[in-house]
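Written below as structure tokens is the structure these notes are about.
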Amino acid sequence: MAELNPIAKRMHNISPDPIELTFDDGRSAIFTLSGAEFFQQEFQAEGTCRDDDAAYRFISSSDNESVLVGRQGSNDSGWTNVGTVVEASKVKNE
């Protein structure tokens, strides 16, 4: 059986505690995830970001190599691709 995506596994293990996520473009933000789960190898979660009031979705890519992030703001009609998570770490002093 193939391995779980290591970033998705870390996100799953840290949640529901706050997680600092770093994206492929260098940006980082603190998120709180809900419903983080695996279906066999596929990862999915929903969450919120401290910096805004939008909804976020996290899913593993079809090849299970990446965790992709989508964002839907309160005034948006659809989801926007935010990027790819390259690092996940537990927020210190929370």
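Beta carbons closer than 7 Å, at least 6 apart along the sequence or on distinct chains, pair a first residue in region 70-91 that is of a type in the set (Asp, Glu) with a second that is part of a strand (DSSP E or B) and surrounded by 15 or more Cβ atoms within 10 Å (Cβ to Cβ) for Glu87/Thr22. Scanning region 1-57 for residues that are polar (S, T, N, Q), free of Cβ contacts under 8 Å to residues at least 40 places away in the same chain and crowded, with 18+ Cβ neighbours inside 10 Å yields a single hit, Ser15. When residues in region 20-52 are screened for being under 20 Å from Asn93 (Cα atoms), touching a Gly at 6+ places or on another chain (Cβ under 8 Å) and of a type in the set (A, V, I, L, M, F, W, C), 2 of them pass. When Gly83 is tested against (1) in contact with a Ser or Thr (Cβ under 7 Å, 6 or more places away or on another chain); (2) open to solvent by less than 40 Å² (accessible area, probe 1.4 Å), just one condition goes unmet, and that condition is (1).
Scanning region 58-72 for residues that are open to solvent by less than 10 Å² (accessible area, probe 1.4 Å) and within 11 Å of Gln41 (Cβ to Cβ) gives no hits.
The values are calculated or read from the model by the stated rules, or taken from the named source; none is laboratory data. Just so it is clear, the model here is predicted, and its values are computed rather than measured. So basically every Cβ, Gly included, is an ideal-geometry build from the backbone, and we count neighbours across all protein chains shown. The area values use the complete protein model at the heavy-atom level, side chains included, leaving out ligands, DNA and RNA. Shrake-Rupley method; radii C 1.70, N 1.55, O 1.52, S 1.80 Å.
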